[in-house]
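I have placed the structure first, in the form of structure tokens, so that the comments after it can refer back to it.
The values are calculated or read from the model by the stated rules, or taken from the named source; none is laboratory data. Because the structure is a prediction, the values reported are computed rather than measured. Cβ coordinates were reconstructed from backbone atoms using ideal geometry, including for glycine residues, and neighbour counts include every protein chain displayed.
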Amino acid sequence: MDELLALLNEYRIIVGTVLVVLLTAVALWKWWDRVSFWWLRVMVHLPVIGKIARLSRNLDYDRRTGWFQSEQEICAAFLPYYESARPSLRYFDDCLSYLRKVQELGRNPLSFWGWLLLAVLVFLEALGFSYVLAGYTIPGASEALQEKGALAIAFLISAIMVFFTHWAGHELHHNALVKKVRTWYTTSGETHYSMMPNNMVSLDNEQADDGEPAWRQLLSRLPANANVTPGYKVTGLTIFLIVFVAVGATYVRGQVLEKQLIEQHDPENALDYSDPYGAMELPRELKQSREAVDAEMEKDIEASERKGGWATFIILAIIFVFLQFIGILTGMKTGFAGKESAKARRNIGNFNNGDEFVAFHERKRNRVARLAQMSLRKLQGRMLERAASVHIDGKANELLRHSAERDFQAYVHHRSRVENGGDDPVPPVAGEPAPPGDDGTEPDEAQIREWMEKFGWDRARTLRFLRENMPVRPGRRALTEAEALELLMNSTANRPKPDAGEDKGEGV
């Protein structure tokens, strides 16, 4: 241990750099959405090379819609972060339903600290025999070089074993679910369905198999071979590696022990029973008697050391195997076998209920919209300043003076309309005729959110339904909830039946 601490101290700069890089990589992977959004804001507001600084020099606009290209580009940069936060209670319930049907509700992925603990335990165990292996892999090397080789070997062995044991645990968990599918299928006496999954099932189309048997719901979300049978390739390979490393390390340790015992009892190191003063030799009978006693004692000592050494090595091998068993058990109890289970678990996060989920994403969505609007207003101000110093046509000047009519929410609204079959990427400017089929009025935001909660739909789908069936016109009485639900049922009944998977509800 002292040698290890000395080695770490000697290379503390390299070790520190590696640790910082690893921790940074883990942080970026875990909080990539926050980091990328922060970076977007930095790149938007940087002087000279930032988006606002560059885009403010572009005064080209679309004569049909009245939106400047720069305004659309700055809004488009924030749009993915706005769309990624979907405050839908229906989607939260879909994620829970997916995990429930795949029998993985309540499972969690292995945390970073869990990975770290497993890696450290296996590394410390591997370090014990890697030093012995270094003497054979780097023969004739100096003590310092053998220590470095031991660290490298220990790291390599621990990385391989942690990966394979966790993978084997996942395979065993997957096999348990496959066996559950076969057991449920056999005991149900199923005749309507063959043992085939419903390929239309996905996290975005969670209700596709609501009326099907539990075994088929599980099978539809589980990757399986054509025969729906368990496989043990990874588990078998992992067991082979565990046995090979444990037996091989024990054998090498034993050979080193035998070598030490031979060197320790070399004839050149035998005791000299001659008179130290050289005055007289011990009698031959006495000398032989003492040699016999010493030989017997050395034989007992050697046998004791051999037994103690081998017992220690066997215990260390058992500890190594036990640590690998912990790794396999951890893999069985953590992680997911379902096709989209990890995604569903990540989406619902650590929220206690759907209300917390909706409130959190509402705050996130509103924050993105607020920051996007601030950036858009700053860009429009810069463009107005530039228009005062260069010659532009009167139409562009008029558009810049009425820039308040072009905000981020208007851009989002009409982008959603295009994705749902509309033809306008951005809203028309004030004073221009509304697009064909639109009466120029829109439901207000409070009404949209109210019906989103009642229907359990996303914003685009709810808004499309409101436009088609309950437009807000002056003098028209607003529909009651009962009337709207009846209208919804009639609309669904009269609508041609869509192809499987056409209407997936709300997605990510």
- Residue pairs meeting the criteria (Cβ under 6 Å; at least 6 apart or on separate chains; first under 19 Å from residue 90 (Cα atoms), in the stretch 190-219; second among the aromatic types (Phe, Trp, Tyr) and not in a loop (DSSP other than H, G, I, E, B)): 203/98; 206/98
- Note on the structure: Residues in the stretch 220-251 that are within 24 Å of the chain's Cα centre (by Cα) and either part of a loop (DSSP other than H, G, I, E, B) or at pLDDT below 90 (or both) total 5
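Can you name the residue in the stretch 372-385 that is in contact with a Leu (Cβ under 9 Å, 6 or more places away or on another chain) and closer than 12 Å to residue 407 by Cα and, of all such residues, is surrounded by the most Cβ atoms within 10 Å (Cβ to Cβ)?
That would be 372.
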- Item | Positions within the stretch 52-89 being of a type in the set (Lys, Arg) and surrounded by fewer than 19 Cβ atoms within 10 Å (Cβ to Cβ), in sequence order | 54, 57, 63, 64
- Note on the structure: Quick count over the stretch 60-89, residues being assigned to a helix (DSSP H, G or I), at pLDDT below 85 and of a type in the set (A, V, I, L, M, F, W, C), is 1
- Item | Single unsatisfied condition, residue 46 versus (1) under 30 Å from residue 382 (Cα atoms); (2) touching a residue at least 24 places away in the same chain (Cβ under 8 Å) | (2)
- Failed item, numbered, when residue 24 is tested on (1) surrounded by 11 or more Cβ atoms within 10 Å (Cβ to Cβ); (2) among the polar types (S, T, N, Q); (3) at pLDDT below 85; (4) assigned to a helix (DSSP H, G or I): (1)
- Considering 92, 123, 129, which residue is crowded, with 21+ Cβ neighbours inside 10 Å, part of a helix (DSSP H, G or I) and modelled with pLDDT under 80? 129
- Item | Identity of the residue in the stretch 178-219, in a helix (DSSP H, G or I) and of a type in the set (S, T, N, Q), that ends up surrounded by the fewest Cβ atoms within 10 Å (Cβ to Cβ) | 187
- Test: residue 36 is at pLDDT 80 or above, under 30 Å from residue 343 (Cβ atoms) and polar (S, T, N, Q): yes
